[in-house]
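S.K.: What follows is a structure written as structure tokens; I'll ask about it next.
Each reported figure results from applying straightforward, stated rules to the coordinates on display, with no laboratory input. Not measured: the values here are computed from a predicted model. Cβ: placed from backbone, ideal geometry, glycine included. Neighbour counts: every protein chain shown.
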Amino acid sequence: MSDPPRPSGSPDFTSPVPVSGSGPADPLAHRHNPSDATGHGQYRPPTDFGHNARGGNPDEQPSYPAPDYAHWGKRAGALLLDHLPIYAAVIVFFVGYIPFVFALADTPSTASLPTTGMSPMIIGGVLLMVALVWNLYNRWFVAGRTGQSLGKRVTKIVLTSEQTARPIGPMNAFLRDLVHILDGLTCVGYLWPLWDDRRQTYADMLMKTIVLTAPPRSAP
């Protein structure tokens, strides 16, 4: 039996009606898109570092607070703490190296090398090798997996990807330290966070990383 004819001007409830202001088909798709609601591509990472946002209307875009970029002083302090074993080893090495050079200059013949300062040089060399292994573990493996080296944990900052707000992995942490050589060669690269909007060094810009103030740990 066919449906009765619909009066003229009445709405057709059999066809889908677009709802004004409705969200996307997947209301959570914005979590994988670093663009903001305006589409300008401004990245605003969540305060819980990649976890789901708090509840609300699923058809509305969540508004995250502006990221808390780490201050230059905290970043510099973390770097000094991470490299402290290397600095200590170099100091021990030069304690022996300087008198060794002077003793070598006073030696009339190069056939026999002076023994002055040899012990601190050997100890410093061994300590330097140990410090480099520690640096590999601390800054590349641990920081790459967790976002925090020992220095960053002490200063309460965290290294994350600018695009995902998650740790960058050991390989990228290693590459980032290599690119830091550019910061050291130019000198201004390490100072760039003082006036940069996102407080990034050249290495951060090239590797697309940011350093944020770590969120406080929740009580157990």
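S.K.: With a 10 Å Cβ neighbour count serving as the proxy for reagent exposure, in which order, fewest first, do HIS180, HIS71 appear?
M.R.: Values: HIS180 19, HIS71 16.
So the residues, fewest neighbours to most, are HIS71, HIS180.
S.K.: If you don't mind, another one. How much length is gained if the chain between ASP68 and TRP195 is pulled fully straight, taking 0.36 nm per residue apart and subtracting their Cα-Cα distance, in nm to one decimal? Walk me through the intermediate numbers first.
M.R.: On the way: separation 127, 0.36 × 127 = 45.72 nm, distance 1.48 nm.
Going from the current span to full extension adds 44.2 nm.
S.K.: Going 7 Å from the Cα of ILE123 in the Cα-to-Cβ direction, what parts of segment 66-97 have a backbone nitrogen less than 15 Å from that spot?
M.R.: Only 88-97 pass the distance filter.
S.K.: Calculated FRET efficiency, THR107 and LEU132, Cβ-Cβ r, R0 35 Å, to nearest 0.05? Please list the in-between numbers first.
M.R.: Details: r = 31 Å, r/R0 = 0.90.
The computed FRET efficiency comes out at 0.65.
S.K.: Quick check: residue separation of ARG166 and ILE181 times 0.36 nm, minus the Cα distance between them. What number comes out in nm? Show your work: numbers first, answer last.
M.R.: Details: separation 15, 0.36 × 15 = 5.40 nm, distance 2.37 nm.
Taking ARG166 through ILE181 to full extension adds about 3.0 nm, to one decimal.
S.K.: Next question. For segment 73-213, divide the Cα radius of gyration by the Kirkwood radius and give the resulting Rg/Rh value with two decimals.
M.R.: 1.13
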